[in-house]
Structures are given as structure tokens and as C-alpha cells.
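Reading through the C-alpha cells given below for one structure.
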Amino acid sequence: MPGRTLSRAQLTLALIFVTLIPFGLVVFLYTQMPDYRDPVLDADVAIAPRAWPSEADPNARVVPCLVLTNPTQDEWRELNMSINDQFHFFDPDPVPPGKEVHVPLKFFHTKGNQFYPPDRQELKSVTIYAQIPSGARAILHIEDPSLDAALR
């Protein structure tokens, strides 16, 4: 007694359904998921000269820095900064309320470890990412021609 077999048309329909069901499920989930926006980080950002490594160090040099101030009452963690969406810097230390963090622009680097050349490349945008107490990642993106003007 031979087993049941599918005709060509039945096999074609079965393969179409096996392909379309997962695709349809993905489309359904995409349309039903809520659109969630990251909160905006409340921060004061400037490009200014600062003494590095500190003003008290006898060998300190004044260099152009990204100066970030936390004006909120919350502590920030996992601070990431980006210049021109290409050069990045990660600060593992938490930023307490009211504290100022300054990072020399030459410390920012690409994933390939090429450092940002402030004297040769225009500073077009700055993006700051930080984890706020709710656990969410807050983002501040600044595109301003005056950022580069502070370097010149």
C-alpha cells in the first residue's frame, strides 16, 4: 500500500505557505509593536580649552576639549560621546549631579583606532549617550556650526 503523496500543485502551495507564514508574522509584529523613542539627555555641552590632565599638574597643557556638564539631579552611567558620528569616547566613571567632565578632542577615536584630528577635520556634530536612573539610554545630538568655530 503506497503512502500518500502531494501533487505538484499541492507541493508548490505548501512551499509558498511555509515561506509566507514567517514573513507575515514578522510584518504583523513590526506593525503591532509600539514605537519607542529614547529620552533626550539634559546636558550642557561646549568645546573649550581646558588644562589636561588637571590644573594642579605642573606638566599640564591647555588643549581643546569637549566639556560636558550634568545639570540634573540624577547620576549618569555608561557615558558615551561621539564626534561626527565617527570618533567615539567611552567614560566608565559615573557622572554625579552638577559635575563637569572634560575630554581632550584627541582622545576620540574610530573603531579602527584612528584618532580625531581637531586641526584637520571640521567638528560638525556631537552626540552624547548616557544611562539615566530609570535604566533608559538618554541621547543628546547637537549639530551646530558654532562647535567648530570654538576650535578656530
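A few comments on the model shown:
- The chain: angle of helix 8-32 to the longest principal axis, Cα-based, in degrees nearest 10: 30 degrees
- Correct choice for P(r) over Cα pairs in 10 Å bins from 0, in percent that was computed from the model, options (i) 9, 29, 23, 11, 9, 8, 6, 3, 1, 0; (ii) 10, 41, 38, 10, 0; (iii) 11, 38, 31, 12, 6, 2, 0: (i)
- The chain, relative contact order in percent, only Cα pairs under 8 angstrom and at least six apart counted: 21 percent
- Fully extending the segment from residue 40 to residue 10, taken as 0.36 nm per residue of separation minus the present Cα-Cα distance, adds 5.4 nm.
- Whole-number percent relative contact order across the stretch 29-86, with pairs defined as alpha carbons under 8 Å at least 6 apart: 31 percent
- Among 62, 79, 102 the positive-end extreme of the charge dipole of the chain (Cβ point charges): 79
- Using the rule -39500 (n - 2.57) for each DSSP H run of four or more residues, divided by the residues of the chain, the 222 nm mean residue ellipticity is -6500 deg cm²/dmol.
- Hits among aspartates and glutamates - C-alpha to C-alpha of residue 99 under 14 Å, sequence gap 8 or more where chains match: 42, 44, 74, 75, 91
- DSSP-loop chymotrypsin sites (Phe, Trp or Tyr not before Pro) across the stretch 27-81, with at most 16 other Cβ within 10 angstrom: 36
- Residue 129 sits among other residues whose Cβ lies under 13 Å from its own Cβ, and their net charge, with Lys and Arg +1 and Asp and Glu -1, is -2.
Rule-based calculations on the coordinates, nothing more; no lab input. Not measured: the values here are computed from a predicted model. In this analysis, Cβ positions are derived from the backbone assuming ideal geometry, glycine residues included, and neighbour counts consider all displayed protein chains.
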